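The values are calculated or read from the model by the stated rules, or taken from the named source; none is laboratory data. Values in this document were obtained by computation on a predicted structure and should not be read as measured data. Cβ coordinates were reconstructed from backbone atoms using ideal geometry, including for glycine residues, and neighbour counts include every protein chain displayed.
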Amino acid sequence: MIQARAIHKHFGALHVLRGVDLAVAERELVFVIGPSGSGKSTLLRCLNRLEEPSSGSIVIDGIDLLDKRTDINRVRQRIGMVFQSFNLYPHMTALGNVTLAVRKVGGKSRAEADAIGLAALERVGLADRADHHPAQLSGGQQQRVAIARAVALEPRVMLFDEPTSALDPELVGGVLKVMRELRESGMTMVVVSHEMGFARSAADRVIFMADGAIVEQGTPEAVFGAPVEARTRAFIGQIQRHA
Amino acid sequence: MSFLDTFFNAAVMARYAPDILRGLLVTIRLAALVVVTGLGTGLALALLRSLGIRPLNWAIVFVVDAFRALPPLIIIVLIYFGLPGAGWAPSPFVSTWVSLALVLMAFAEEIFWAGLTAIPAGQWEAARSTGLGFGQTLAHVVLPQALRLTIPPLTNRTIAITKGTALGSVVALSEILGAASSAVSNSYNPSPLTLGTAAYLVLFIPVVAFGRWVETRFAWKR
């Protein structure tokens, strides 16, 4: 589903990604961990070209993402993205947030889009909040609306950039439950997060990144239980101490 | 002569009321044109600037800074007395309109631009990640939020500049102040100025109230 090869990203003099290769199979859930500044968010943002890689190649669902002839707006419909800070549109209702791109990019009528949007909100358990504005929703509810906004476009891949990091602890569960249901429905997912419990129970593969490169990867049991690299061991030791 | 005879002379007021009324109509037409064209061109410049074309942005910033720096009266005088030398002789009305519209355009551009840049990058990213293009994101996500932010400073500035229609009296435009001044000279009595003051209040108090209404109307639920 995703083939990223030799991705390099420079921010001025800063070399943030140093030749990352990432292949994600259909229906696979890949979990990316790593210290802050390791390049994991940048990698994720390269996968829908919110960041332009300095070099390398990315093919998603058979489409060359970095080809100048690729209509990036078409491709992005197929790649859902969920952000740490939700980024809901504050001037629109939950339903308005979910249906905007369905109408404007998907070309659906308002009635069709509303039906699609309500179904997406139903999926995240918030159909009864359809006419609430983001400020009237809890952080967890906002993030679920953000997930519905991506899901409504029927993406082939979903990218999650620390989806629970900005949430109060008691709200994390609801978001993870929605993500788990998405995974069970067969969605291909790349998740940057520190929710180890979720990774253990839902991830097919865990990738540990440091200094702009993949240091180690494997099943959750292998990476969390018996990490090979010293840096992985140190990092996992640290986050488990605080978990 | 008593205070009342000086400033509230009923005979003088009655005689010059039609002039002041005509002046009021001129001021209303002028103000409406200034507001529409000034805000419209200001928004257009801010949107052009958001495209991020560097030489164009330098030009926009230069023009905007110039018209924010110059006193409106100087611009009116330059256009009315200066442009005929360049082959175009605008009327007092057009000179005043163009001058005030340029000043409002400059301030409005800065206010709209500040509103656009105040919208967090995450809003752009979220919209673009759903496949919305630059223009769609601007039109449906960023601009509606930016406009709400800009309403209070914009109404203030619009009112301040629209009041500048009184400057048209300097180039013999018979708007409220111009009409009142002529009436004062002709009648040797300042009562027409009282009428003029009343006309400004009648015109601008509703404008100020409208501005306040717009501010509350467009404050969205937080």
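Whether a residue is crowded, with 19+ Cβ neighbours inside 10 Å, within 17 Å of the chain's Cα centre (by Cα) and more than 30 Å from A:Phe160 (Cβ to Cβ) was assessed, and B:Ala106 passes this test.
Which one of A:Gly19, A:Gly39, A:Gly12, A:Gly34 is at pLDDT below 95 and touching a helix residue (DSSP H, G or I) at 6+ places or on another chain (Cβ under 6 Å)? Result: A:Gly34 is the single residue among A:Gly19, A:Gly39, A:Gly12, A:Gly34 that is at pLDDT below 95 and touching a helix residue (DSSP H, G or I) at 6+ places or on another chain (Cβ under 6 Å). Scanning segment B:177-199 for residues that are in contact (Cβ under 8 Å) with a residue 40 or more places away in the chain and within 18 Å of B:Ile28 (Cα to Cα) yields B:Leu177, B:Gly178, B:Ala179, B:Ala180, B:Leu193, B:Leu195, B:Gly196, B:Ala199. The residues of segment A:188-216 that are of a type in the set (Ser, Thr, Tyr) and either within 20 Å of A:His15 (Cβ to Cβ) or crowded, with 20+ Cβ neighbours inside 10 Å (or both), listed by number, are A:Thr188, A:Ser193.
List the helices (runs of 4 or more DSSP H) inside segment A:30-128, counting only whole elements, that have at least 1 residues being within 13 Å of chain B (Cβ to nearest Cβ), touching a Gly at 6+ places or on another chain (Cβ under 7 Å) and surrounded by fewer than 16 Cβ atoms within 10 Å (Cβ to Cβ).
Per the criteria, A:72-77.
Screening A:Val228, A:Val190, A:Val215 for residues that are under 21 Å from A:Arg27 (Cβ atoms) and either in contact with a strand residue (DSSP E or B) (Cβ under 9 Å, 6 or more places away or on another chain) or not aromatic (Phe, Trp, Tyr) (or both) leaves exactly one candidate, A:Val190.
A:Asp161 meets the conditions (1) more than 12 Å from chain B (Cβ to nearest Cβ); (2) in contact with a strand residue (DSSP E or B) (Cβ under 9 Å, 6 or more places away or on another chain); (3) at negative phi in every case but one. The failed one is (1). When B:Ser185 is tested against (1) over 13 Å from B:Asp19 (Cβ atoms); (2) out of contact with any helix residue (DSSP H, G or I) (no Cβ under 7 Å at 6 or more places or on another chain); (3) not β-branched (Val, Ile, Thr), just one condition goes unmet, and that condition is (1).
Residue count for segment B:1-47, restricted to those that are within 26 Å of B:Thr158 (Cα to Cα) and not in a helix (DSSP H, G or I): 0. Among the criteria (1) more than 12 Å from chain B (Cβ to nearest Cβ); (2) within 23 Å of A:Arg103 (Cα to Cα); (3) in contact (Cβ under 8 Å) with a residue 40 or more places away in the chain; (4) not aromatic (Phe, Trp, Tyr), the one A:Gly174 does not fulfil is (2). Screening B:Ile205, B:Ile161 for residues that are out of contact with any Phe, Trp or Tyr (no Cβ under 6 Å at 6 or more places or on another chain), touching a residue at least 60 places away in the same chain (Cβ under 8 Å) and away from every other protein chain (no Cβ under 14 Å) leaves exactly one candidate, B:Ile161. For segment B:59-76, the set of residues classified as among the hydrophobic types (A, V, I, L, M, F, W, C), over 17 Å from B:Thr117 (Cβ atoms) and part of a helix (DSSP H, G or I) consists of B:Ala59, B:Phe62, B:Val63, B:Ala66, B:Phe67, B:Ala69, B:Leu73, B:Ile74, B:Ile75, B:Ile76, listed by residue number. Residue check: A:Arg233 meets all listed conditions (1) surrounded by 14 or more Cβ atoms within 10 Å (Cβ to Cβ); (2) closer than 18 Å to B:Ala126 by Cβ but one, namely (2). Of all the criteria given as (1) surrounded by fewer than 22 Cβ atoms within 10 Å (Cβ to Cβ); (2) over 30 Å from B:Gly178 (Cα atoms), the one not satisfied by B:Val141 is (1).
Screening segment A:137-178 for residues that are among the acidic types (Asp, Glu) and farther than 20 Å from A:Val32 by Cα and picking the one that is surrounded by the most Cβ atoms within 10 Å (Cβ to Cβ) gives A:Glu154.
Which ones in segment B:75-100 are exposed (fewer than 13 other Cβ atoms within 10 Å of the Cβ) and touching a Gly at 6+ places or on another chain (Cβ under 8 Å)? Answer for segment B:75-100, where residues must be exposed (fewer than 13 other Cβ atoms within 10 Å of the Cβ) and touching a Gly at 6+ places or on another chain (Cβ under 8 Å): there is none.
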